[in-house]
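Notes to accompany the following structure.
The values are calculated or read from the model by the stated rules, or taken from the named source; none is laboratory data. What you see is a predicted model; the values in this text were computed from it and never measured. Every residue, glycine among them, receives a Cβ derived from its backbone with ideal geometry; neighbour counts consider all protein chains shown. Note: areas computed on protein heavy atoms with side chains; ligands, DNA, RNA excluded. Shrake-Rupley method; radii C 1.70, N 1.55, O 1.52, S 1.80 Å.
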Protein chains: 2
Amino acid sequence: MNEIAFLTPDPDVLARREAIVAGLADLVPTEALVTDPRELVPFETDAFTAYRRVPLAVVLPGTTEEVAAVLAYCAEQGVPVVPRGAGTSLAGGAIPQEDAVVIGVSRMNRILEIDHDNRTCTVQAGVTNLAISDRVAADGFFYAPDPSSQLACTIAGNIGMNSGGAHCLKYGVTTNNLLGAKVVLLDGTIVDLGGKALDAPGLDLLGLLCGSEGQLGIITEATVRLLAKPEGARPVLFGFDSSEVAGACVSEIIGAGIIPVAIEFMDKPAIEICEAFAKAGYPLDVEALLIIEVEGSEAEMDDMLARIIAIARRHGVASIKESQSATEAAQIWKGRKSAFGATGRIADYICMDGTVPLGQLSHVLRETYRIVAGYGLRVANVFHAGDGNMHPLILYDVNDPAEAEKAELAGADILKLCVDAGGCLTGEHGVGIEKRDLMLHQFSETDLNQQMAVRAAFDPGWILNPSKVFPLSFSRQGAS
Amino acid sequence: MNEIAFLTPDPDVLARREAIVAGLADLVPTEALVTDPRELVPFETDAFTAYRRVPLAVVLPGTTEEVAAVLAYCAEQGVPVVPRGAGTSLAGGAIPQEDAVVIGVSRMNRILEIDHDNRTCTVQAGVTNLAISDRVAADGFFYAPDPSSQLACTIAGNIGMNSGGAHCLKYGVTTNNLLGAKVVLLDGTIVDLGGKALDAPGLDLLGLLCGSEGQLGIITEATVRLLAKPEGARPVLFGFDSSEVAGACVSEIIGAGIIPVAIEFMDKPAIEICEAFAKAGYPLDVEALLIIEVEGSEAEMDDMLARIIAIARRHGVASIKESQSATEAAQIWKGRKSAFGATGRIADYICMDGTVPLGQLSHVLRETYRIVAGYGLRVANVFHAGDGNMHPLILYDVNDPAEAEKAELAGADILKLCVDAGGCLTGEHGVGIEKRDLMLHQFSETDLNQQMAVRAAFDPGWILNPSKVFPLSFSRQGAS
């Protein structure tokens, strides 16, 4: 164990803390080091918000070399390090632990290169997801993964969590769109993984980095694939009288080999919440809504839509509404993308993130309603149906501890249901703190031990984001 | 070091060999164990053919459990294990070393499940690449990665090498089409990686497995993504008066965001060789040929082709010829797919496999001609240009040792050129024996040490395919 027992504030511990802060101050400019308790508050938690811990210090380096110096110093001192992007994790991936040093990449926010010949963009790790698409939009390109938090979340965080989004059905998630990364390893070594070429020989450490939740190293730069914007895009609303039938319809569309750019699902509670907020023109007389977006030329869109509509009709679709203008299309997406915020206005909620094989969508939806009702709670479902990536929002009263506990239990039951249906605990939010204990439901001890052996090849002392991803009992084993 | 010094055939060593064979005989049925020297001959090498080594024994298990028993036994005994698919590796990935046990998956060749709801196919590891597409063709589906050896090569080998093919420009390589795998770890533990759901939490060990060249474990089953066959496909021939201009045209097509399903490149020597063999209707009065295949509905194909033709015209294309029938389309592909065999009829050759950023295609082609001419040899280029994945075929006389050495030196120079142009040593053939020493040109020692630390998390004793991928000096370090 390299961790330091910092918990009792005896004089030795206080002296140790001061020494570490002084050590950090030698490595970075004054403005890059945050130690004032008031200034540390924004770093106490992330969008999961279930836990708060004051870190020992926050470092916001301006260069890869500063990251390297700080990480090597922390490793040498045995101080836990929590890497942080924009803190938008919904699974607690960026929540610090007490006496950890947070290394945030938010000041490293420059776009370094747009390479049109190779359709790549190289950015510093703190560049936001949307900033890339914004920069290349005028040239007709975009960066595909589009998490709902894309205005705020950073590329480094996207890589750490292997983030997805509504349009990842067609374009894949972060791992499918990442070509290279500059990464600082625990001892301060700087490595370049991948690059602009199609492939790299040897082990795919770049792929391993995607979804590694800050436990292998700290990302300081990334090279991503740019895609050409399609000629046109058209979201269409399909209303159904039953959630299960809507789920079966999605399954058949995908099973037929049709890949629209997005298939989003909303059940009645979600429709009502979003429509009240965004006035998106959603029908209110249906039980479930699919937003299916097709793209391409007018002929391509017409052709794909015709095939989708034929399948929807076979499933007794109740209403079909095509967007008639760019404004209407934007409005439809605004409704969907505001789902979390709109839900937050009417109730507290926890948002789960499980993924199921598409053939199981109807079954899992039915059981989700049963589970949540069993705890006397309500649920709204709004999710990336084409990917089988479910996001049940379990509504509860945060001021009622009994309800909060029920919500958490219901969430865990739903994730176990996803695993038992052949799916998994997460689609795009990661494991973080939220699901670390559920990992034993997904994996055998052998599986987890093998994952931890790989993790240990980067971080044998369990310094990097140590309390995340693996059940705490396992983390202890892993620390050596 | 767990390896056994088997090299001198003294009585102790002979007794040890017999003991190991006897031990293997206890674990698998008689027909699954090959030890007769004559029957071992086909396993002495692979399609790289540069080296031959007689293994101690070949085991061809029929079940995952047999693989587990054999692997655990070999690990316990410290006997090197070389996993083998169909032996089609062009980089020597399946060449055994002396006194190694080859574990071949060729008898595990059943298709286990076609799941239409989830568009997946689960197969045993020895199923051939083409067998999957053949099985689902009648339902309108296919498995996308299409190496030229697809009639023979196995899914396990495809995963080990992260294989690609002509149509991977649009559909991605093996890692983009693999959803799950059953893998036997060194101690005989059986783990399931991935599954039918979109994502898996924790470290992406499935991604790590792709391209790991048999050094992490032995794959016994795989679940792959099925895709719907497009409505139509149309290969078009574009002739150019210069290879460099053809390369620049490819770069501009991709740079414009147009992704045809394939862009194949042939230079004059390759055109002549393939046309003489396949009578594909290739023009013989041009210096370079692009086969660009578009697919989709007629309207989609027309639209994409119009944009491609406009770019080709700007590059002074000399001739454009669309295939007019399915037969003609098949003929065009037959020419391309026979390139290696047709070349082998007129000369000995080594086929290199490097990948470059597309913007560097013209530069790398020009330098390739210069390098090979400098050694007084000839080269034919036929490759996946849309991916920047080059395959220079260096022609030489295998009976002239001086020429053979020159060919090898020229090949190494070309791969270094690819790396220096921002590309890499391999696109789809892997590192194997062929390129292990060149890895130091691609990676720093730090990079390689980190890769080996990850490898060691699976195989600390350096038992699995020990002499491949890493420079031999490094392998020694890695063995503990």
Q. Considering only residues of the stretch B:342-360 that are within 24 Å of B:Glu275 (Cα to Cα) and more than 16 Å from the chain's Cα centre (by Cα), which is surrounded by the fewest Cβ atoms within 10 Å (Cβ to Cβ)?
A. B:Arg345
Q) Out of the stretch A:119-137, which residues are more than 18 Å from A:Gly160 (Cβ to Cβ) and under 20 Å from the mean Cα position of the chain (by Cα)? A) A:Ser133
(Q) All but one of (1) away from chain B (no Cβ under 11 Å); (2) over 24 Å from the mean Cα position of the chain (by Cα) hold for A:Thr189; state the number of the condition that does not hold. (A) (1)
Q: Spot the failing condition for A:Ser251; the list is (1) part of a helix (DSSP H, G or I); (2) not assigned by TED's automatic domain parsing to the domain that holds A:Ser323, and only one is missed.
A: (2)
Q. Restricting to the stretch B:308-326, what's the tally of residues that are part of a helix (DSSP H, G or I) and either at pLDDT 95 or above or of a type in the set (Val, Ile, Thr) (or both)?
A. 7
Q. How about the stretch A:104-139: which of its residues are of a type outside the set (Ser, Thr, Tyr), within 23 Å of A:Pro230 (Cβ to Cβ) and within 14 Å of chain B (Cβ to nearest Cβ)?
A. A:Ile114, A:Asp115, A:His116, A:Asp117, A:Asn118, A:Arg119, A:Cys121, A:Val136, A:Ala137, A:Ala138, A:Asp139
Q: Return yes when B:Glu98 is over 22 Å from B:Val184 (Cα atoms), surrounded by fewer than 20 Cβ atoms within 10 Å (Cβ to Cβ) and in contact (Cβ under 8 Å) with a residue 60 or more places away in the chain and no when it is not.
A: yes
Q | Odd one out for B:Ala380, checked against (1) part of a loop (DSSP other than H, G, I, E, B); (2) surrounded by 20 or more Cβ atoms within 10 Å (Cβ to Cβ); (3) in contact with a Pro (Cβ under 7 Å, 6 or more places away or on another chain) | A | (1)
Q) Do the conditions hold for B:Ala91, that is, is it touching a residue at least 60 places away in the same chain (Cβ under 8 Å), buried (at least 24 other Cβ atoms within 10 Å of the Cβ) and at negative phi? A) yes
Q.
I want to confirm something. Restricting to the stretch B:236-259 and keeping residues that are open to solvent by 20 Å² or more (accessible area, probe 1.4 Å) and more than 10 Å from every other protein chain (Cβ to nearest Cβ), which single residue is nearest to the chain's Cα centre (by Cα)?
A. B:Glu244
Q: Please report, ordered by residue number, the strands (runs of 3 or more DSSP E) entirely within the stretch B:47-142 with at least 1 residues that are of a type in the set (D, E, K, R) and out of contact with any Gly (no Cβ under 9 Å at 6 or more places or on another chain).
A: B:111-115
(Q) Need the failing condition index for A:Asn109 against (1) over 25 Å from the mean Cα position of the chain (by Cα); (2) farther than 20 Å from A:Lys468 by Cβ; (3) modelled with pLDDT of 95 or more, just the number. (A) (1)
**Q.** One residue from A:Leu208, A:Leu186, A:Leu203 being assigned to a loop (DSSP other than H, G, I, E, B), over 15 Å from A:Ala125 (Cα atoms), modelled with pLDDT of 95 or more and in the same structural domain as A:Ala137 (by TED's automatic domain parsing)
**A.** A:Leu186
Q: Considering only residues that are of a type in the set (Gly, Ala, Ser) and assigned to a loop (DSSP other than H, G, I, E, B), look in the stretch A:145-177 and name the one that is farthest from A:Ile254 (Cα to Cα).
A: A:Ala152
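Every residue, every condition in (1) out of contact with any strand residue (DSSP E or B) (no Cβ under 9 Å at 6 or more places or on another chain); (2) crowded, with 24+ Cβ neighbours inside 10 Å, yes or no:
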{"position": "B:Gly172", "(1), (2)": "yes, no"}
{"position": "B:Asp192", "(1), (2)": "no, no"}
{"position": "B:Leu206", "(1), (2)": "no, no"}
{"position": "B:Leu209", "(1), (2)": "no, yes"}
**Q.** Which listed residue is assigned to a helix (DSSP H, G or I), surrounded by fewer than 24 Cβ atoms within 10 Å (Cβ to Cβ) and of a type outside the set (S, T, N, Q), from A:Pro283, A:Pro269, A:Pro230
**A.** A:Pro269
**Q.** Odd one out for B:Thr220, checked against (1) open to solvent by less than 20 Å² (accessible area, probe 1.4 Å); (2) among the hydroxyl-bearing types (Ser, Thr, Tyr); (3) under 28 Å from A:Leu440 (Cα atoms); (4) in a helix (DSSP H, G or I)
**A.** (4)
